[in-house]
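The values are calculated or read from the model by the stated rules, or taken from the named source; none is laboratory data. Quick caveat, the model's predicted, so the values are computed rather than measured. Cβ sites come from the backbone with ideal geometry, for glycine too, and all protein chains shown count toward neighbours.
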Amino acid sequence: MQIDLTQGHEGKQILRFSMPIFVGALIQQGFNTVDAWIVGNAIGVPGLAAVGISFPVMTLIAAILIGLGSGTEILLAQAIGKKDTQELRLITDTLLTGILGASIVLSIAGYLSTEALLILLKTPTSVLADATSYLQIIFIGLFGLAGYHTLNGMIRATGNSLVPLIFLGISAGINIVLDLIFVLVFWWGTAGAAWATILAQGFAFLACVIYTNHRLPQMRYHPLHLKWSGRVLREGIRLAIPTAILQGSVSAGRMVIQGMVNGFGGAAAAAYALGMRLDSLASIPIVNFGLAMTTFTGQNVGAGKWKRVIRGEKFAIRLGLAFSASLMILIWFFGASIAGRFIEDADVVAMATEYLRYVSAGYFFASTYTIMHGVMKGTGNTLTPMWIMIFGNIILRVLVAAGLSQHMGVSGIWAAIPIGWTIAFLLTMVYSKRHPLTK
């Protein structure tokens, strides 16, 4: 189901387009959460800590690849808005080939440096072996991860957010079944959870390739019949590099934070792992409204309909604020009971609950700037969100966390997260006032 985002009521079209993205992300985080539940209950705190410690490293590499893929999605959305079918083929062949090649290089480099990187993060020796095994297997499957996320963005750029949802749902089911078999039946431990993840991602990638080649002939990909364009490559890199740097910097910042948390022991590391998983689940609406606005903006900018972009942004911000209020109430009243479902250790549950309450206080600010940044990216401005996020949400967060943790312990690290979001929000508002949306 393809949606022409340049026609119809802005709010209705944004909701129609964003709902499958929202449900897909919910499924994605859902099976990540099930993965944490299986590992936490089958292996206990050491297993949960090993997976959690690996998470920032894993997301660093994945974020770089996904960031590179964002350039493809922006260019495709704008070309679709212009109805330029020849440009669609050039963008597909050139940028997908480049991203898949980059994933192979990163996979090899990541596999070889896994243990050294985990030691640098002050990983407790009690979980180092499990964390190394888990992360190395994830690196083996990086090609499938990069291919899936890139093709998922390409299909989404056409206005079709339903097909990626279907593939993701099937992939999630495969992931959960394999998790249960590998961890609970074969007793492969954290390595079993990793194998389940990469096999499910490989299926999703293959499904996207088959669909694109059969249903989107203007974007058909065949490695032996490529149409290469240096111009498209340069433009894709121009758009993608800031987002890749941003995503990589966010993950690098998380790695630094992870190192700080690890210094407070295995229980704190497990609480941070659980808290991040639940926070990621709760913030799905916020993140995916931003993704939807990038495609919505790209198509309408390509069609020259700037007033639709402005009206769509206002609608999305109001919707994001409503979701933020609901999530904050949910976390404050039910956060402890939700965390307790994943692990029985009282100290871990208490720290994870405290983490969730701190971060939920910043959801209002995070939702607004996330949507505004999605609009900026759709116009082709990927530099401004990069600089705002690197300063406000990464550098400042790390500095504040380092300072507050000296006086508040691990709670100071939690408090630094909403502080960074608030600064990013203020910087975004200042930029928007000085550079209003206009052609």
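Observations on the structure shown:
- Qualifying residue in the range 263-285 (condition: outside any helix (DSSP H, G or I) and polar (S, T, N, Q)): yes
- The listed residue being modelled with pLDDT under 85 and hydrophobic (A, V, I, L, M, F, W, C), out of 142, 180, 162, 135: 162
- Unique match (being under 20 Å from the mean Cα position of the chain (by Cα) and more than 30 Å from residue 125 (Cα to Cα)) among 91, 21: 21
- Of the criteria (1) surrounded by fewer than 22 Cβ atoms within 10 Å (Cβ to Cβ); (2) touching a Phe, Trp or Tyr at 6+ places or on another chain (Cβ under 8 Å), which one residue 102 fails: (2)
- Filter result for the condition that a residue is over 19 Å from the mean Cα position of the chain (by Cα) and crowded, with 19+ Cβ neighbours inside 10 Å, over 358, 363, 369: 358
- All positions within the range 210-238 that are surrounded by 16 or more Cβ atoms within 10 Å (Cβ to Cβ) and either aromatic (Phe, Trp, Tyr) or at pLDDT 85 or above (or both): 211, 212, 221
- For residue 320: the one exception among (1) surrounded by fewer than 23 Cβ atoms within 10 Å (Cβ to Cβ); (2) within 30 Å of residue 297 (Cβ to Cβ); (3) not aliphatic (A, V, I, L, M): (1)
- Every residue from the range 377-394 that is touching a residue at least 12 places away in the same chain (Cβ under 8 Å) and not polar (S, T, N, Q): 377, 378, 380, 383, 385, 386, 388, 389, 390, 391, 392, 394
- Scan of the range 1-46 for residues that are modelled with pLDDT of 75 or more and among the acidic types (Asp, Glu), ordered by number: 4, 10
- Of the candidates 330, 321, the single residue that is assigned to a helix (DSSP H, G or I), within 19 Å of residue 284 (Cα to Cα) and modelled with pLDDT of 90 or more is 321.
- Number of residues in the range 102-143 that are out of contact with any Asp or Glu (no Cβ under 6 Å at 6 or more places or on another chain) and either outside any helix (DSSP H, G or I) or among the β-branched types (Val, Ile, Thr) (or both) equals 15.
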